[in-house]
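Encoded as structure tokens, the structure appears first; notes follow it.
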Amino acid sequence: MDAIDRKILRALARRARLTNAELAEEVGLSPSPCWTRVRRLEQAGVIQGYHAVLDQAALGLPDTVFLEVMMERHDDTHLARFEEAVLAIPEVLECWLVTGEYDYVLKAAVGGTAGYEALLREKIYRLPGVRHTRTAFTLRCLKRTISPVP
């Protein structure tokens, strides 16, 4: 990856909807070599996709919570069952297997305390193998990026 590739990545990270012509102009290439570089970055897996970022509040889920989940058991079967089940919960935006006292950290979008309670009682507590949870409501987001920018 050279300096021009990094310019392309920075430009797409800022505005993924740039046309190839706009991108080429921004990074100082003609359209054909720019398109070739973008395709190469996609094929190499450096660019993994293009996403629309949706407004949680407009979707009725204005609050973000982080849930720490402690599992009853840690064998592969129980962890796999939990992971498969958590993937089906639309409010869960991210799920991380972590080190420390808790086994997983989930980031979820909820509609206030009532929405959080419903998520917890109706979905999280029903996940296979959950022993204990601990939750933090966010107050505001100070920084949000999808990926690091070179």
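The values are calculated or read from the model by the stated rules, or taken from the named source; none is laboratory data. Here the structure is a predicted model, which means the values were calculated and not measured. In this analysis, Cβ positions are derived from the backbone assuming ideal geometry, glycine residues included, and neighbour counts consider all displayed protein chains. These accessible areas exclude ligands, DNA and RNA; they are computed on the full protein's heavy atoms, side chains included. Shrake-Rupley method; radii C 1.70, N 1.55, O 1.52, S 1.80 Å.
Regarding the stretch 43-59, can at least one residue be identified that is farther than 26 Å from ARG17 by Cβ, open to solvent by less than 90 Å² (accessible area, probe 1.4 Å) and touching a helix residue (DSSP H, G or I) at 6+ places or on another chain (Cβ under 9 Å)? So far as the stretch 43-59 goes, no, none of its residues is farther than 26 Å from ARG17 by Cβ, open to solvent by less than 90 Å² (accessible area, probe 1.4 Å) and touching a helix residue (DSSP H, G or I) at 6+ places or on another chain (Cβ under 9 Å).
Checking LEU119, LEU97, LEU142 one by one, the residue that is open to solvent by less than 100 Å² (accessible area, probe 1.4 Å) and among the aliphatic types (A, V, I, L, M) is LEU119 and no other. At pLDDT below 95 and assigned to a helix (DSSP H, G or I): which single residue out of ALA21, ALA13, ALA52 fits that description? Exactly one residue qualifies, and that residue is ALA13. Among the residues of the stretch 61-75, those identified as modelled with pLDDT of 95 or more and either within 16 Å of VAL105 (Cβ to Cβ) or out of contact with any strand residue (DSSP E or B) (no Cβ under 7 Å at 6 or more places or on another chain) (or both) are PRO62, THR64, VAL65, PHE66, LEU67, GLU68, VAL69, MET70, MET71.
Say whether the condition of being under 30 Å from THR138 (Cα atoms), hydrophobic (A, V, I, L, M, F, W, C) and without any contact (Cβ under 8 Å) to a residue 40 or more places away in the chain is met by at least one residue in the stretch 27-38. First the steps, then the outcome.
Just the residues of the stretch 27-38 that are under 30 Å from THR138 (Cα atoms), to begin with: none.
Looking through the stretch 27-38, none of the residues is under 30 Å from THR138 (Cα atoms), hydrophobic (A, V, I, L, M, F, W, C) and without any contact (Cβ under 8 Å) to a residue 40 or more places away in the chain.
Scanning the stretch 122-150 for residues that are in contact with a Lys or Arg (Cβ under 8 Å, 6 or more places away or on another chain) and free of Cβ contacts under 8 Å to residues at least 60 places away in the same chain, we see that the one that is nearest to VAL86 (Cα to Cα) is PRO128. Pairing residues of the stretch 99-121 that are within 19 Å of GLU83 (Cβ to Cβ) and without any contact (Cβ under 8 Å) to a residue 40 or more places away in the chain with residues that are in a helix (DSSP H, G or I) and β-branched (Val, Ile, Thr), at Cβ distances under 9 Å and at least 6 apart in sequence or on separate chains, gives TYR104/VAL86. Test GLU122 against the stated conditions and say whether it is modelled with pLDDT of 95 or more, within 20 Å of the chain's Cα centre (by Cα), farther than 30 Å from ASP5 by Cα and not aliphatic (A, V, I, L, M). So GLU122 fails the test. LEU67 falls short on exactly one of the conditions (1) exposed (fewer than 11 other Cβ atoms within 10 Å of the Cβ); (2) touching a residue at least 12 places away in the same chain (Cβ under 8 Å); (3) outside any loop (DSSP other than H, G, I, E, B), and that condition is (1).
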